[in-house]
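Read through the structure below, which is laid out as structure tokens, and then see the notes.
The values are calculated or read from the model by the stated rules, or taken from the named source; none is laboratory data. What you see is a predicted model, and the numbers here were worked out from it, not measured in a lab. All Cβ positions, glycine included, derive from the backbone under ideal geometry; neighbour counts span all protein chains shown.
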Amino acid sequence: MRSVLKIVLAWLLLSLSVGAAHAQVGCVPNPNDTADGSTQPFIKGCPLTAAGLNNALKRLSAASAMFDPRAYGAICSGADATVALQNAVDAAEVSGGEVVIPCPINIAGTVTISTGGIRLTGMGPASYPGQQDTPGPSVWPPTKGPAINCTGPGGAGCILISGAQGVDIGWINFGNPQPLPPPCPPTGPCNSWVPTVYPFVIATVANSGWQGLSLHNLTCTACSNFIDLEGTSDYHLFTATEITLRDIWCNVCLETGIRFHLIDNPLLVDHVDFVGQWNGNLPSLGYYQRTHLVAFDMQYLAAPQFANLNFWVAKTAMQVRNGTVTNNAIPGQPTITMAMSAGHFVNVMFNNSCQAVTMPDGNGTIAEFYFTDTHVWGDQSGFNCSAGKNMFDMPSNFVRLWMSQTGVAEADTFVNIGCGTPGVGGCPAGIAGGGSLARFFGIRADVYSKYTAGQAFIKMPTNVTLMLAGSDIVPASGGGNLLGPGLDGSQGYAAGLAVGGGGGVQARSSAASRVRPRRSFP
């Protein structure tokens, strides 16, 4: 029955476009037709007016639980359709159902989903002709396909989820209109492009009780900010759980890809791809991303699970900060402060990003990571934004980092972990205690100290515990030692690290730990 209704709906949509463009001359009115399309619109006669077909669409939508914004006044590639899409969402929320986006529409305001139990879905693929042109220029907005062009530079966002429980958004191409990036000047910095900064395309309202959100098969072209997931600092309010993100493409994102803020488990993220087809041949775009884009902005995530991530060109792929929530589970511990607990990451590619993971608040950031099957590839463009930087920059005494099966290339320093003694050297005073832990198994590095001579592969103070095994680490010519001092000037060592053929020599000092070409760590 549902398939039949979809076929009938498609027939009506075709009739609307044909009837508007080719009115019959001298046709015989069908006596069973009414001006508003309320009875027997399928018997051959004069075409219904646009208003009549819209009314017929509304009735068919109600019967099929499919709601088309064109039935509420939206025009494909036409004027602002915010009110029309909001009315379609409101109608769907009455009984549940699908709001169908069959063609490109422009949204200048905010469309709010507040009740839930609905699906916002495209009628067609999450791609469109011209999207994958490489080198550019790529096309946005498209001329056909399910697309929402978010044109409003202010407000709370384009699609806003407030208190809704059970929302599914999929098979839609989103984007922001942007000026064309100009060519770079012959000399000097390539910083002449000034894009328009828009709010998030898909946003949630903090503390509103939303949960059960599924986002999948979505693209965002030339987007300032794509997805904002805002939870709550009050754990007595059950919100921001049961979240699934799957098959998400950012083509391209400029400021923030996805923000995760105060999110409890379960959070499941599978296949997020940051690509560069939209005018990716213009260096001024790449310069802007390398100086602005934070692909994942994370603050307080409880046991998230990530898989199949591809980060392409960013200032930092993952930025991690502490967040604080009230605690309703552990007696005597009224609050919990952390950045990430038990964060699992499988099959991750950091590709031409300036840095992979950063902690801008430094010491005191509390985070726990498990990386499996990871490749870290520094920026090898002409900008060389990885030069002199730590790919994993974790200058905190409260970090746990496990990594297995990792490739490293085109980088200076792989990991900087720990702060050391507060108030000594470059370790700021004020946060005492702690001692970070790092476990590395199966690392292949070729080569480190790529851009800056004398850089160590791992930098850490003495209060960091490191284990390194089964690895092959190669410095560039003039590269620094395997281990180098941390922020406070002290240098730790690798416990149980065998250098070259199982000789049992522990890397307790700079001289002992230097890795020469093609030495292995069994």
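Taken over the stretch 93-127, the criterion of being hydrophobic (A, V, I, L, M, F, W, C) and either assigned to a strand (DSSP E or B) or at pLDDT below 95 (or both) is satisfied by VAL94, VAL99, VAL100, ILE101, ILE105, ILE107, VAL111, ILE113, ILE118, LEU120, MET123, ALA126. Pull up the stretch 220-257, narrow it to residues that are modelled with pLDDT of 95 or more and of a type in the set (A, V, I, L, M), then point me to the one that is surrounded by the fewest Cβ atoms within 10 Å (Cβ to Cβ). In this case the residue turns out to be LEU245. Anything in the stretch 443-493 that is surrounded by fewer than 24 Cβ atoms within 10 Å (Cβ to Cβ), among the polar types (S, T, N, Q) and either touching a residue at least 60 places away in the same chain (Cβ under 8 Å) or out of contact with any Pro (no Cβ under 6 Å at 6 or more places or on another chain) (or both)? List them, or say none. THR452, THR462, ASN463, THR465, SER471, SER477, ASN481, SER490, listed by residue number. The numbered conditions (1) touching a Lys or Arg at 6+ places or on another chain (Cβ under 7 Å); (2) buried (at least 20 other Cβ atoms within 10 Å of the Cβ) are all true for PHE440 except (1). Per the listing GLY130, GLY170, GLY152, GLY163, the residue uniquely crowded, with 16+ Cβ neighbours inside 10 Å and part of a strand (DSSP E or B) is GLY170. Where strands (runs of 3 or more DSSP E) fall entirely within the stretch 298-346, those with at least 2 residues that are modelled with pLDDT under 95 and either more than 14 Å from THR365 (Cα to Cα) or touching a Cys at 6+ places or on another chain (Cβ under 7 Å) (or both) are at 323-326. Does ASN217 satisfy the condition of being at pLDDT 95 or above, assigned by TED's automatic domain parsing to the domain that holds ALA74 and buried (at least 21 other Cβ atoms within 10 Å of the Cβ)? So ASN217 fails the test.
Results for (1) of a type in the set (Ser, Thr, Tyr); (2) more than 24 Å from ALA303 (Cβ to Cβ); (3) in contact with a strand residue (DSSP E or B) (Cβ under 8 Å, 6 or more places away or on another chain), shown as yes or no for each residue.
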position: THR365; (1), (2), (3): yes, no, yes
position: GLY378; (1), (2), (3): no, yes, yes
position: ASN390; (1), (2), (3): no, yes, yes
position: ARG400; (1), (2), (3): no, no, yes
position: THR406; (1), (2), (3): yes, no, yes
position: ILE431; (1), (2), (3): no, yes, no
